[in-house]
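The values are calculated or read from the model by the stated rules, or taken from the named source; none is laboratory data. The structure displayed is predicted, hence computed values, not measured ones. Positions of Cβ are generated from backbone atoms using ideal geometry, with glycine treated the same way; all protein chains shown enter the neighbour counts. These area figures cover heavy atoms from the full protein model, side chains too; ligands, DNA and RNA do not enter into them. Shrake-Rupley method; radii C 1.70, N 1.55, O 1.52, S 1.80 Å.
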Amino acid sequence: MMPSLFFHFHSGQPELKTSIVESGPSGYYYQGLWKALDGTTVHNFENTAITQCLRGKVVHMYGDSTVRQYFEFLNAVLPGLKQFNLHSPKKAGPYMSLDYVNNILVTYRFHAPPIRITYVPAPETRYIANEIDGLVGGANTVVIFCVWAHFGTYPMEIYIRRLRSIRRSVVHLLDRAPDTVVIIRTGAPKAMWLEAAMTKSDWHSLQCNKVLRAMFKGLNVHLIDAWEMVVAHLLPHNLHPRPPIIRNMINVIMSYICPQKDD
């Protein structure tokens, strides 16, 4: 048993409480492929299968660099996906790629401050909640977001407030377009050195994960358990997981977008 955090919702407003909950692994690797234990059947999507899955879809990615890895991965492995030069700040975006033949649009935008990696022009600092509010949604719309890494030096209340606003927008999106696919990536353990351990520790990231799970519990959203997928892999911990782990995360994403029957 380990301590956790959850929210009690009263009149639509979450209120932080403490509780004790049981926890356990969400999956394991077998022959290099992730096997989920939450009932999700994860299939191995080769590059051609990824294109087929995403055909006719718009994929919006929001958040920090750990979700930008998905954008970069898709651009690297899908030959038909071409990135436009929007003259955006390096690492922060916004980015946009298009596969015209297969009618696939993939976008990426960094979340609003706090941002520690680079300078971002004020007009480009947009909150995820506002971006989601601007989406029509629908069966051909996929929303993927991740918020955690840049909040490590801030009180948990700041993180909770940010997630509350995003949750409200996700609820509205699913109300107007319930067949929209919403996928959330959790935080993950990082390589540790003295400065990182003092200011951006895994302990804080673990609490963020618990808050994230509690905040979106009960909604029709999907979770990429990056924490477990990094911990279970033989590769060392890294803020930006190495390609084999990212490939498995993409398999999870595609399995949510295009669920298949068991072989």
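Is it the case that residue 135 is at pLDDT 95 or above, assigned to a loop (DSSP other than H, G, I, E, B) and open to solvent by less than 40 Å² (accessible area, probe 1.4 Å)?
yes
Could you list, in sequence order, the residues of the stretch 158-174 that are at pLDDT below 95 and open to solvent by 40 Å² or more (accessible area, probe 1.4 Å)?
158
Of the residues in the stretch 215-240, how many are under 18 Å from residue 150 (Cα atoms) and either open to solvent by 30 Å² or more (accessible area, probe 1.4 Å) or modelled with pLDDT under 95 (or both)?
5
When you look at residue 211, is it of a type in the set (Val, Ile, Thr) and in a helix (DSSP H, G or I), yes or no?
Here the answer is yes, as residue 211 does meet what is asked.
Starting from residues that are open to solvent by 20 Å² or more (accessible area, probe 1.4 Å) and of a type in the set (Lys, Arg), keep the ones in the stretch 175-214 and report whichever is nearest to residue 242 (Cα to Cα).
Selected residue: 190.
Can you pull out every residue in the stretch 41-86 that is open to solvent by 20 Å² or more (accessible area, probe 1.4 Å), within 27 Å of residue 121 (Cβ to Cβ) and not hydrophobic (A, V, I, L, M, F, W, C)?
Those that are open to solvent by 20 Å² or more (accessible area, probe 1.4 Å), within 27 Å of residue 121 (Cβ to Cβ) and not hydrophobic (A, V, I, L, M, F, W, C): 60, 68, 69, 72, 75, 82, 83, 85.
Go over the candidates 155, 89 one by one and state the one that is loosely packed, with under 14 Cβ neighbours inside 10 Å and not aliphatic (A, V, I, L, M).
155
In the stretch 241-250, how many residues are open to solvent by 40 Å² or more (accessible area, probe 1.4 Å) and part of a helix (DSSP H, G or I)?
Of the residues in the stretch 241-250, 3 are open to solvent by 40 Å² or more (accessible area, probe 1.4 Å) and part of a helix (DSSP H, G or I).
Where residues in the stretch 119-132 are open to solvent by less than 50 Å² (accessible area, probe 1.4 Å) and over 18 Å from the mean Cα position of the chain (by Cα), which of them is farthest from residue 167 (Cα to Cα)?
Step by step, filter the stretch 119-132, then rank; the result is 120.
Give the residues of the stretch 92-109 that are buried (at least 17 other Cβ atoms within 10 Å of the Cβ), within 21 Å of residue 254 (Cα to Cα) and of a type outside the set (A, V, I, L, M, F, W, C), sorted by residue number.
95, 97, 99, 107, 108, 109 - these are the residues of the stretch 92-109 that are buried (at least 17 other Cβ atoms within 10 Å of the Cβ), within 21 Å of residue 254 (Cα to Cα) and of a type outside the set (A, V, I, L, M, F, W, C).
Based on this model, can you work out whether residue 70 counts as part of a strand (DSSP E or B) and among the hydroxyl-bearing types (Ser, Thr, Tyr)?
For residue 70, the condition - part of a strand (DSSP E or B) and among the hydroxyl-bearing types (Ser, Thr, Tyr) - is not met.
Kindly evaluate residue 253 against the criterion of being of a type in the set (Val, Ile, Thr), under 23 Å from residue 137 (Cβ atoms) and either out of contact with any helix residue (DSSP H, G or I) (no Cβ under 8 Å at 6 or more places or on another chain) or not in a loop (DSSP other than H, G, I, E, B) (or both).
In short, yes.
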